Amino acid sequence: IQILQDPIFFGALKNTLIFAVLTIIIQMVLGLTMALLLRTQVVFKTIYKTIFFLPVVLAPAVIAYVFRHILDANLGELNLFLTAIHLPLLAQSWLADPHFALFSLIGINIWEWTGFSFILYYAALTILDETLIEAARIDGANSLQIAWHVIFPLLRSTNFSLVILGVVGALKTFD
């Protein structure tokens, strides 16, 4: 009864929901986009896959340390960059200001975990039946139509897995 009367509880619940929805959707969209782009004839695919997945294997303590320095209110690289390009009014206290802290953490989480979505989508795309895509091309579908009407429905199980893992991850973000 006390928890349901506590406004802090509902604020935390609202922040967790915002965090979960934004991170899951943006990570899935970016991961799928990167995977679709690497399906084309790209040189150095292995290097790109490594770069995209690297943040996933970094220790959270290392990521926290690096982004604490990037987003530092006084001498953070982001604020120094904004000042250098003559936009000092945009320099903020990214992690201390209640208006920006949640979205800063969302950005960090997206940077860290989009590579995981990418790898799952890339793996799923490699096992798709190419004859379905070829049939859609013969029927006159463009690349966007193929992605929306053929590829995306075939990735339903991958989407479901990423949503479940994203919800679990969002609920564990208290640390």
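Nothing in this text is a laboratory measurement; each read-out follows from the coordinates by a stated rule. This is a predicted model, so every value here is computed, not measured. With ideal geometry, Cβ positions are generated from the backbone for all residues, glycine too; neighbour counts draw on all protein chains shown.
Using the Kirkwood radius built from alpha carbon pairs, what does the Stokes-Einstein equation give as D for segment 7-49 at 4 °C and 1.567 mPa s, in µm² per second?
After rounding, the answer is 103 µm²/s.
At a Förster distance of 25 Å, what's the computed FRET efficiency of GLN2 paired with ARG68, Cβ-Cβ distance as r, to 0.05?
E(calc), rounded to 0.05, equals 0.15.
Could you work out the relative contact order of segment 42-175? I mean the mean sequence separation of Cα pairs under 8 Å and 6+ apart, divided by the number of residues, in percent.
RCO, segment 42-175: 20 percent.
Using only the Cα atoms of segment 1-152, each taken as one equal point scatterer with no solvent, compute I(q) by the Debye sum, divide by I(0), and report log10 of the ratio at q = 0.11 Å⁻¹.
Log10 I(q)/I(0), no solvent term: -0.64.
On full extension of the chain, what length is gained from THR33 through GLU77, given 0.36 nm per residue of separation minus the C-alpha to C-alpha distance?
Using 0.36 nm per residue and subtracting the Cα-Cα distance, I get 13.0 nm.
Under a GNM of the chain (C-alpha, springs under 10 Å), which listed residue has the highest mean-square fluctuation: ARG39, ARG68, ARG137?
Evaluated over the chain, the most mobile residue of the options is ARG137.
With bins 10 Å wide starting at 0, give me the P(r) of segment 73-143 over every alpha carbon pair, in whole percents.
Histogramming segment 73-143 at 10 Å steps yields 16, 25, 20, 16, 18, 6 percent.
Quick check on segment 1-91: what are the equivalent-ellipsoid semi-axes from the Cα gyration tensor, as sqrt(5λ), descending, whole Å?
They are 32, 25, 14 Å, listed from largest to smallest.
Using the beta-carbon distance between LEU54 and HIS99 and R0 = 30 Å, what value does 1/(1 + (r/R0)^6) give for FRET efficiency, to the nearest 0.05?
The calculated FRET efficiency here is 0.45.
Please work out the FRET efficiency for the pair PHE9 and LYS172, using the Cβ-Cβ distance as r and a Förster radius of 22 Å; give the result to the nearest 0.05.
Calculated value: 0.80.
Does anyone have the angle between helix 156-171 and the longest principal axis of the chain? Alpha-carbon axes, 0 to 90°, nearest 10?
Roughly 10 degrees, rounded to the nearest 10.
Highest mean first, what order results for 5-15, 112-122, 93-103, 24-34 on Cβ atoms within 10 Å?
112-122, 24-34, 93-103, 5-15
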